[in-house]
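Only one structure is covered here, and it is reproduced in the block below.
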Amino acid sequence: ITDASHELKTPVAIIKANTEVIEMEDGESEWTHSINKQADRLTSLTEKMVLLSRMDEGSFNKDFIDVNVSDLFGEICESYEPIAVKMNKTYSIDIEDGIVIKGDESNLSQMMSLLMDNAFKYSDADGNINVSFKKVNRNKVLKVSNSVDNISEGNHDELFERFYRRDKSRNSKTGGSGIGLSVVQAIAQSHKATITAKSRDGKSIEFKVVF
C-alpha cells in the first residue's frame with residue numbers, strides 16, 4: 001500500500017494540474033469542480049491508507065511527547081462552530097482545561113478532526129452534536145456524540161471496520177470512504193486508548209475514547 005501510494009500521487013497531481021489549466025483557459029464548470037473534488041478525495045483516502053499500513057507494519061512513530069490535548073481538541077472543535085451555524089446544527093463543547101497526555105500531536109489532531117467530520121456528516125438534518133473531554137478518575141475521556149435518523153441500540157464496533165458503510169447511498173452523497181473511523185481506532189490504539197461506538201436510545205450515537 002505504501003509503494004502504491006507513491007504511484008498514485010503522480011497521476012493525481014497531473015489530473016489536478018491539467019484541471020487547473022482547463023479552468024484558466026475555459027473557466028470553472030461543474031465538471032472541473034467534480035474532478036477536483038474527486039482528486040482531493042482520492043488523495044485523502046490514499047493518505048489514510050498509508051497511515052493504517054504503517055501502523056500495521058509497526059513503523060508508526062512512537063516517540064511521544066507531552067501534548068496539551070485540551071488546547072488541541074478545543075481549537076479543532078471551535079473551528080467547526082461556523083459549520084454548525086451554516087448547517088443549522090445544535091453544537092455544544094465541554095472541554096476541561098489543562099489535560100495533558102503523552103502522544104503524537106499530529107495524529108491526535110487527525111483523530112479529533114475525523115471524529116468531528118463524522119459527526120457533522122452523519123448527524124440528522126438540524127440535529128445536534130456534543131463534545132466533551134474530561135478527567136474521570138485516572139482516565140481522560142473524550143466523547144463525541146451526534147443525533148441520527150435511526151440506528152439500533154447497543155454497541156456498533158462494526159463502524160470501525162475498514163471500508164464499512166452503514167448506508168452506501170448516504171456515503172456517496174457525503175463523500176465518505178468508509179475508512180476514517182478505522183484511522184481513528186488505529187490512532188487511539190497506538191496511544192494505548194480504548195474506543196467504542198454505542199447508541200443508548202436508537203436516536204444518537206456516541207464515540208468514546210478513554211486514555
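Points to keep in mind about this one:
- On the beta carbon distance between residue 53 and residue 83, with R0 = 41 Å, the FRET formula returns roughly 0.85.
- In this structure the chain gives 58 Å² per residue of accessible area when probed at 1.4 Å with all protein chains present.
- Between the beta carbons of residue 201 and residue 25, assuming R0 = 45 Å, the FRET efficiency works out to 0.25 to the nearest 0.05.
- Prolate/oblate/rounded call for region 68-125, Cα gyration tensor, a/c under 1.5 rounded: prolate
- If you take the Cα centroid of region 1-58 and the Cα centroid of region 63-115, the two points sit 26 Å apart.
- Beta-bridge orientation, the chain: approximately 80 percent antiparallel, per DSSP, counting only bridges with both partners inside.
- Residue 115 - accessible surface, heavy atoms, 1.4 Å probe, Å² rounded to 10: 0
- Helix-only mean residue ellipticity at 222 nm for the chain, each DSSP H run of n ≥ 4 adding -39500 (n - 2.57), per residue, nearest 500: -16500 deg cm²/dmol
- Label-point gap, in nm, between residue 16 and residue 66 - each point 7 angstrom along Cα→Cβ: 3.7
- Exposed loop sites here mean GluC sites (Glu not before Pro) with a DSSP loop assignment and at most 16 other beta-carbon atoms within 10 Å; the chain contains its longest site-free run at 29-95.
- Net charge dipole, region 1-44: roughly 240 debye, given to the nearest 20, about the Cα centre with Cβ charges of +1 for Lys and Arg and -1 for Asp and Glu.
- Only Lys, Arg, Asp and Glu carry charge here, each on its Cβ (+1 for the first two, -1 for the last two); on that basis region 1-113 has a dipole of about 360 debye about its Cα centre.
- Overall, the chain carries a charge dipole of about 880 debye about its Cα centre when +1 sits on the Cβ of Lys and Arg and -1 on the Cβ of Asp and Glu, all other atoms neutral.
- GNM result for the chain, Cα springs below 10 Å: residue of 16, 143, 121 fluctuating most strongly: 16
- Shape of region 1-104, Cα gyration tensor, a/c cut at 1.5: oblate
- Split the accessible area of region 33-160 by element, probe 1.4 Å, and carbon with sulfur accounts for 44%.
- Candidate values [x] 8, 30, 34, 21, 6, 1, 0; [y] 8, 27, 27, 21, 13, 4, 0; [z] 8, 34, 38, 16, 3, 0, label of the one derived for P(r) over Cα pairs in 10 Å bins from 0, in percent: [x]
- Over region 1-57, relative contact order from alpha-carbon pairs under 8 Å, at least 6 apart, %: 53
- With K and R counted +1 and D and E -1, the other residues having a Cβ less than 10 Å from that of residue 147 yield a net charge of -2.
- Residue 91 long-range amide H proximity, modeled H, under 5 Å: 129
The values are calculated or read from the model by the stated rules, or taken from the named source; none is laboratory data. Since we're looking at a predicted model, the values are computed, not measured. Note that we place each Cβ from the backbone using ideal geometry, even for glycine, and neighbour counts take in every protein chain shown. Accessible surface areas use protein heavy atoms only, side chains included; no ligands, DNA or RNA. Shrake-Rupley method; radii C 1.70, N 1.55, O 1.52, S 1.80 Å.
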